[in-house]
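Read the structure below first, then the notes.
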Amino acid sequence: MQQMISPLLFKNRDYVFALFCAHLTLEKLIKGHWVKDIGGNFPPPIHNLNKLVAQTKSQLTDEELVFCADMNKFQMEGRYPNYVGDIYKTLNRDYTSNYVKQCQKLRKKLAAGLP
């Protein structure tokens, strides 16, 4: 867990921001694939993981694509804090830890495909 997000986020129970950071990690890795696969210097200014993956040669499983779609809800926190609202009420340490573990698995897969 410490590789992707700060343990302080858990200590402070800032679970939404922890998952926002996890989303950022995946987004930046997928954009790295975009640059590698497309050959451009600037990936599109979007944050939707599935739309980004679709523009690359990355081969994600159906399960990983569903997970990316689910992770998209956490990209809103840092950019549009008023949009989130009820999400704060649903997150706890166990829920967040589970998401972070899944993110770590996907992060390793995506990172392995980059130079």
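Placing a label point 7 Å from the Cα of A111 along the Cα-to-Cβ direction, the residues of the range 15-29 whose backbone N falls under 15 Å of that point are 22-29. Helix 62-71 and the longest principal axis of the C-alpha atoms of the chain enclose an angle of approximately 50°.
Using a cutoff of 8 angstrom between alpha carbon atoms and counting only pairs six or more residues apart, the relative contact order for the chain works out to 39 percent. Among residues other than A69 with Cβ under 12 Å from its Cβ, the summed charge is -2 (Lys and Arg +1, Asp and Glu -1). Taking amide hydrogens as placed 1.01 Å from N in the peptide plane, the amide H of L60 sits under 5 Å from that of no residue at least 5 positions away in sequence or on another chain.
I need Y99, Y15 ordered by Cβ neighbour count within 10 Å, fewest first. Display every interim value, and only then the final one.
Values: Y99 20, Y15 24.
Sorted ascending by nearby Cβ count, the order is Y99, Y15.
Which parts of the range 44-68 would a label at K28 reach, counting a residue when its backbone N lies under 17 Å from a point 7 Å out along Cα-to-Cβ? Output list for this probe position: 44-49.
Counting other C-beta atoms within 10 Å, which of V66, V16 has the fewest, and how do the rest follow? Write out the running numbers ahead of the final one.
Working: V66 12, V16 21.
In increasing order of surrounding Cβ atoms, one gets V66, V16.
With a 10 Å Cβ neighbour count serving as the proxy for reagent exposure, in which order, fewest first, do L110, L65 appear? Show your work: numbers first, answer last.
Values: L110 21, L65 14.
Sorted ascending by nearby Cβ count, the order is L65, L110.
To the nearest ten degrees, helix 93-112 and the longest principal axis of the Cα atoms of the chain are 20 degrees apart.
All of the numbers you see were taken from the coordinates with simple rules; none came from a lab. Just so you know, these numbers come straight off a predicted model, no measurement behind them. In this analysis, Cβ positions are derived from the backbone assuming ideal geometry, glycine residues included, and neighbour counts consider all displayed protein chains.
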